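In what follows, a structure is listed as structure tokens, so that the remarks can point back to it.
Every number here is computed from the coordinates shown, using simple stated rules; none is lab data. The structure displayed is predicted, hence computed values, not measured ones. Using ideal geometry, Cβ is built from the backbone for each residue, glycine included, and neighbour counts are taken over all protein chains shown.
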Amino acid sequence: MNLRSQEKPRALGIIPARGGSKRLPRKNVRLVGDKPLIAHTIVAAQKASALTDYIVSSEDEEILTVARQFGAQVPFIRPQELATDEVRNIDVMLHAVHFMERQIDAAYDIIVLLQPTVPVRDPEHINQAVNLLWSSDASTLASVKGPFKKRDPNLKRLADDGKLVPYCDRAAGEEWDPFYIYNASIYAMRRDYLIAEQKMVSSEQVALVMDEAHSIDIDTEMDAIVADAVLRHRAGEMSKGENL
């Protein structure tokens with residue numbers, strides 16, 4: 001067993017939310033379910049016991065106001081140069097880590113990126129991500145959805161003549177290994193790896209497998225409609241349970 005698994009790491013959660021979304025304008029403050037989109041991630045972070053601290057990083061005053069209303073830590077206003085289309089999440093994270101470490105006069109052990117565009121996320125997913133990474137020898141963790149099989153009969157490709165053919169043509173009964181896809185919900189990394197390599201992923205990663213409902217990533221209007229329906233359904237099921 002990795003000795004680190006016997007200690008509780010100092011973990012910082014970062015929720016990046018700029019105001020300049022192009023495909024779905026103002027999506028971070030759009031009402032999804034019963035609250036603004038970003039609020040779902042804030043609530044999950046608040047309830048995640050594995051996070052030492054969590055913050056919202058944004059340059060947008062409306063987003064920051066909503067974040068404060070839901071109790072989020074907003075220790076700074078993100079510089080405008082870190083809020084353009086060209087800026088990478090890595091740059092936003094490095095800025096947040098350096099700022100927070102100056103504030104607390106200590107270094108974190110694990111940094112967790114929580115994208116607000118994935119609203120159906122439970123606090124336990126965050127706890128599992130931190131604990132799985134901390135107890136492993138890997139530098140990073142990523143949440144994924146799956147498993148999928150390449151021989152799924154629903155997977156097709158277009159042949160040169162425009163006809164649909166199996167995506168992977170293999171003899172009946174011959175199995176493929178299942179595959180998984182990043183779902184953008186959680187990326188966790190050791191702090192020293194992030195600082196040294198300036199990367200969120202490493203060649204060897206720990207996986208946190210999440211189901212389809214918890215993997216909804218809002219990028220389009222249809223994504224938002226689906227997420228809204230799932231969140232309202234979950235809220236209704238919870239309400240029924242409380243009334244039993």
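Are there any helices in the chain, counted as whole DSSP H runs, that stretch 18 Å or more along their axis by Cα and score at least 0.0 on average by Kyte-Doolittle, and if so which?
Details: long enough: 89-104 (22 Å, 0.29); 221-243 (33 Å, -0.48).
TM-like helix candidates: 89-104.
Normalised radius of gyration for segment 115-159, please: alpha carbon Rg relative to 2.2 N^0.38 Å, two decimal places. Mind showing how you got there, number by number?
Details: Rg = 15.8 Å, N = 45, 2.2 N^0.38 = 9.3 Å.
Scaled against compact globular proteins, the figure is 1.69.
Determine, for His40, His95, the number of other Cβ atoms within 10 Å of each Cβ, and report the residues in order from fewest to most.
Numbers: His40 22, His95 19.
Sorted ascending by nearby Cβ count, the order is His95, His40.
Give me the tail of P(r) for segment 26-145 as a percent: Cα-Cα pairs with distance above 21 Å. It would help to have the intermediate numbers written out before the result.
Numbers: 2892 of 7140 pairs.
Taking all Cα-Cα pairs of segment 26-145, the fraction more than 21 Å apart is 41 percent.
I want the local charge near Ile63. Using Cβ-Cβ distances under 12 Å, sum +1 for each Lys or Arg and -1 for each Asp or Glu among the other residues. If you can, show how the numbers build up before the last one.
Details: positive: Arg18, Arg26, Lys27, Arg30, Arg68, Arg78; negative: Glu59, Asp60, Glu61, Glu62.
Value of the local net charge: +2.
For the pair Asp105 and Glu212, what calculated FRET efficiency results from E = 1/(1 + (r/R0)^6), where r is the Cβ-Cβ distance and R0 = 30 Å, to the nearest 0.05?
On the way: r = 43 Å, r/R0 = 1.42.
Efficiency for this residue pair is about 0.10.
Residues with amide H under 5 Å of Arg26's amide H, sequence separation 5 or more or different chain, H placed in the peptide plane at 1.01 Å from N; which?
Ser21
Mind listing the Cα extents of the chain along all three principal axes, in Å, largest one first?
Taking max minus min along each principal axis of the Cα atoms, the chain gives 60, 48, 43 Å.
How large is the helix-only mean residue ellipticity at 222 nm for the chain, computed as the sum of -39500 (n - 2.57) over DSSP H runs with n ≥ 4, divided by its residue count, in deg cm²/dmol to the nearest 500?
Values: 6 runs with 78 residues, N = 244.
When only DSSP H runs of four or more count, the value is -10000 deg cm²/dmol.
Might you report the magnitude of the Cβ-based charge dipole of the chain about its Cα centre, with Lys and Arg at +1 and Asp and Glu at -1, to the nearest 20 debye?
On the way: 30 positive and 36 negative charges, 62 e Å.
Computed charge dipole of the chain: roughly 300 debye.
Under a point spin-label approximation (7 Å from Cα along Cα-to-Cβ), what is the Lys149-Gln198 distance to one decimal in nm?
My value for the distance between the label points is 4.4 nm.
What distance in nm separates the simple spin-label points at Arg68 and Arg232, each placed 7 Å from Cα in the Cβ direction?
Label-label distance for Arg68 and Arg232, simple model: 3.1 nm.
What is the sum of charges, Lys and Arg at +1 and Asp and Glu at -1, for the other residues whose Cβ falls under 12 Å from the Cβ of Val29? Don't skip to the end; give the middle numbers.
On the way: positive: Arg18, Arg26, Lys27, Arg30, Lys35; negative: Asp60, Glu61, Glu62.
That sum, taken over residues with Cβ under 12 Å, equals +2.
Using per-residue counts of other Cβ atoms within 10 Å, averaged over each peptide, order 79-88, 48-57 from highest down. Write out the running numbers ahead of the final one.
On the way: 79-88: 11.8, 48-57: 20.8.
Ranking the peptides 79-88, 48-57 by packing returns 48-57, 79-88.
Answer with one residue from Tyr193, Gly20, Asn89: the one whose Cα lies farthest towards the positive end of the charge dipole of the chain, charges on Cβ with Lys, Arg +1 and Asp, Glu -1.
Of the candidates, Gly20 comes out farthest on the positive side.
Cβ neighbours within 10 Å, averaged per peptide: list 186-194, 18-26 in order, most packed at the top.
Working: 186-194: 22.3, 18-26: 13.6.
The most tightly packed comes first, giving 186-194, 18-26.
Determine the percent antiparallel among the DSSP beta bridges restricted to the chain, to the nearest 5. Mind showing how you got there, number by number?
Details: 16 of 31 bridges.
Around 50 percent of the beta bridges assigned by DSSP in the chain are antiparallel ones.
So what are the ³J(HN,Hα) numbers for segment 136-143, from phi and the Karplus equation (6.51, -1.76, 1.60; θ = phi - 60°), rounded to whole Hz, Gly and Pro as x?
Taking θ as phi minus 60°, the curve returns 9, 9, 7, 8, 9, 9, 9, 7 Hz for segment 136-143.
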